[in-house]
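Working notes, structure below.
The values are calculated or read from the model by the stated rules, or taken from the named source; none is laboratory data. Since this is a predicted model, take the numbers as computed values, not measurements. Cβ atoms come from the backbone with ideal geometry, glycine included; neighbour counts cover every protein chain shown.
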Amino acid sequence: MINQTMLNTLLPASAGIFFFIQSCYHLGLYRNLYLQSKKAKTGTSTPPLSVIIVAKDAVSDLQRNLPSVLEQDYPDYEVIVIYDRADKDECEDVLKLLQDKYPHLYYTFIPDSARYISHKKLGITMGIKASRYEWLVFTEPNCQPASNQWLRKLATNFSDHTDIVLGYSNYEKAKGWFNRKITFDTLLNSMRYLGMAINGHPYMGCGRNLAYRKSLYYDQKGFTKHLNLQRGEDDLFINQVANGKNTQVETNPESIVRITAPHYKKSWKEDKLNYTMTSRYFKGVSRYLMGFETCSRLLFLFSLVCCLTIGILSQNWITIGIAALLWILRFIMQIMVFRKTSIALNERKFYTTQFLFDWMQPLWNFRFKLQQRFRRKDEFMRK
């Protein structure tokens, strides 16, 4: 039997071990975005490039965001819009007006006859085949570059040894709890996958702010390895082709892409469910390392609760003091890392809400995993 003396020894020791693991993640991974943002890049490369946007039900988004893409301070680039929807007449009117003003805009439509393939992947393939240049930049219709230097900042990473450039994106600031929630979730996920890429272990990318070579796409025969999935055109493709030598990360504030805050929670939930599905197919250990971080965080918090409970019941103030000290140290470390990263990326700052999200984020991710398990498999298959 384990007596109270042993519990008062084992529980603080366990909490200390999980605190050490959490410190490794925060100081060795999560602060990488902040450190990267402080590095001055001297590259002046401005090769011609093609920006590709695949849009669906996005007339208002294109009207709002496309001009900022078309007005980039960049010497030679084209913008290709591939539209997928029945309301293409309305969209064509909008695109024609924009094309009259911006001659470097080109557009086409996914044919109505397209069947048995993901329209998103088909649209990207059409855009790549229509593009004239080697370097391809991808974003979404609901995204807007933070400045007219977006393409220049991405291009500072283009070199003979670089095939992929990963950029940072997050939601525009808005009032309300939901906006804080999705901004924190996106920031944390970005600190994970961009931080791993900075450490030389890229495992995914996001199509809201992404660049890669056209030759890389053709060398891999496009999306043939995951054509059966509806999504995966960005994260799974980058997981397939990226390595520590051919991938760069751009975090300059002028390279950031802002996502229009969703009007409905359902759209964000669908994105999370799609990511939960595709992440199951990631190769390498990165997926498990990120899962281990979540587990160690929950176990750390659980061990603190146990320490406080046992300490109060046995009136052992040393156990209570150790638990309180570890929690305070981790909270200070977390606040410092997130605050510096938020400032570097022009994000909102999380203080009191960070404590709540720290507990809640693993729980809502677990909920998405459960929902994905109970959804019909064909909902994630190609359409």
- PRO75 part of a loop (DSSP other than H, G, I, E, B) and free of Cβ contacts under 8 Å to residues at least 60 places away in the same chain: yes
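Check whether at least one residue in the range 160-178 is assigned by TED's automatic domain parsing to the domain that holds VAL257, within 15 Å of VAL257 (Cα to Cα) and either in a helix (DSSP H, G or I) or aliphatic (A, V, I, L, M) (or both), and report yes or no. Spell out the reasoning first.
Our first condition is that a residue be assigned by TED's automatic domain parsing to the domain that holds VAL257; within the range 160-178, this holds for 160-178.
So of that shortlist, the ones also within 15 Å of VAL257 (Cα to Cα) come out as 165-173.
Now drop any that are not either in a helix (DSSP H, G or I) or aliphatic (A, V, I, L, M) (or both), which leaves 165-166.
Yes, the range 160-178 contains a residue that is assigned by TED's automatic domain parsing to the domain that holds VAL257, within 15 Å of VAL257 (Cα to Cα) and either in a helix (DSSP H, G or I) or aliphatic (A, V, I, L, M) (or both).
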- Note on the structure: Within the range 33-50, the residues that are under 14 Å from SER255 (Cα atoms), part of a loop (DSSP other than H, G, I, E, B) and hydroxyl-bearing (Ser, Thr, Tyr) are none
- Task: Return the only residue of GLY167, GLY195 being closer than 27 Å to ASP76 by Cβ and in contact (Cβ under 8 Å) with a residue 40 or more places away in the chain.
- Result: GLY167
- In this structure, is GLY195 surrounded by 21 or more Cβ atoms within 10 Å (Cβ to Cβ) and assigned to a loop (DSSP other than H, G, I, E, B)? no
- Within the range 168-181, of all residues that are surrounded by 14 or more Cβ atoms within 10 Å (Cβ to Cβ) and out of contact with any Lys or Arg (no Cβ under 8 Å at 6 or more places or on another chain), the one nearest to LYS214 (Cα to Cα) is TYR168
- Given the residues ILE17, ILE21, which is the only one that is touching a residue at least 60 places away in the same chain (Cβ under 8 Å) and either of a type in the set (A, V, I, L, M, F, W, C) or more than 21 Å from LEU299 (Cα to Cα) (or both)? ILE21
- Task: Can you give me the number of residues within the range 49-72 that are exposed (fewer than 14 other Cβ atoms within 10 Å of the Cβ) and more than 17 Å from ASN209 (Cα to Cα)?
- Result: 2
- Message: Suppose we filter TYR34, TYR25, TYR77, TYR30 for residues that are within 30 Å of GLY200 (Cβ to Cβ), in contact with a Lys or Arg (Cβ under 6 Å, 6 or more places away or on another chain) and of a type outside the set (A, V, I, L, M, F, W, C); which single one remains?
- Response: TYR34
- Is it the case that ARG208 is part of a helix (DSSP H, G or I) and buried (at least 18 other Cβ atoms within 10 Å of the Cβ)? no
- Query: Which of (1) of a type outside the set (D, E, K, R); (2) surrounded by fewer than 19 Cβ atoms within 10 Å (Cβ to Cβ); (3) touching a Leu at 6+ places or on another chain (Cβ under 8 Å) does VAL249 not meet, given it meets every other one?
  - Reply: (2)
- Query: Do the conditions hold for TYR288, that is, is it within 24 Å of ILE21 (Cβ to Cβ), surrounded by fewer than 19 Cβ atoms within 10 Å (Cβ to Cβ) and modelled with pLDDT under 90?
  - Reply: yes
- Task: Could you tell me whether ASN243 is at pLDDT 90 or above, surrounded by fewer than 16 Cβ atoms within 10 Å (Cβ to Cβ) and either small (Gly, Ala, Ser) or in the same structural domain as SER190 (by TED's automatic domain parsing) (or both)?
- Result: yes
- Query: In the range 125-159, what residues are assigned to a helix (DSSP H, G or I) and over 24 Å from MET196 (Cβ atoms)?
  - Reply: THR125, MET126, GLY127, ILE128, LYS129, ALA130, LEU151, ARG152
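For every residue, the table says whether it meets (1) under 19 Å from the mean Cα position of the chain (by Cα); (2) surrounded by fewer than 18 Cβ atoms within 10 Å (Cβ to Cβ); (3) under 29 Å from PHE178 (Cα atoms).
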| position | (1), (2), (3) |
| --- | --- |
| TYR212 | yes, no, no |
| GLN220 | no, yes, no |
| ASN228 | no, yes, no |
| LEU236 | yes, no, yes |
| ASN239 | yes, no, no |
| SER279 | yes, no, yes |
- Message: Restricting to the range 88-115, give me the number of residues that are modelled with pLDDT of 90 or more, of a type in the set (Val, Ile, Thr) and not in a helix (DSSP H, G or I).
- Response: 1
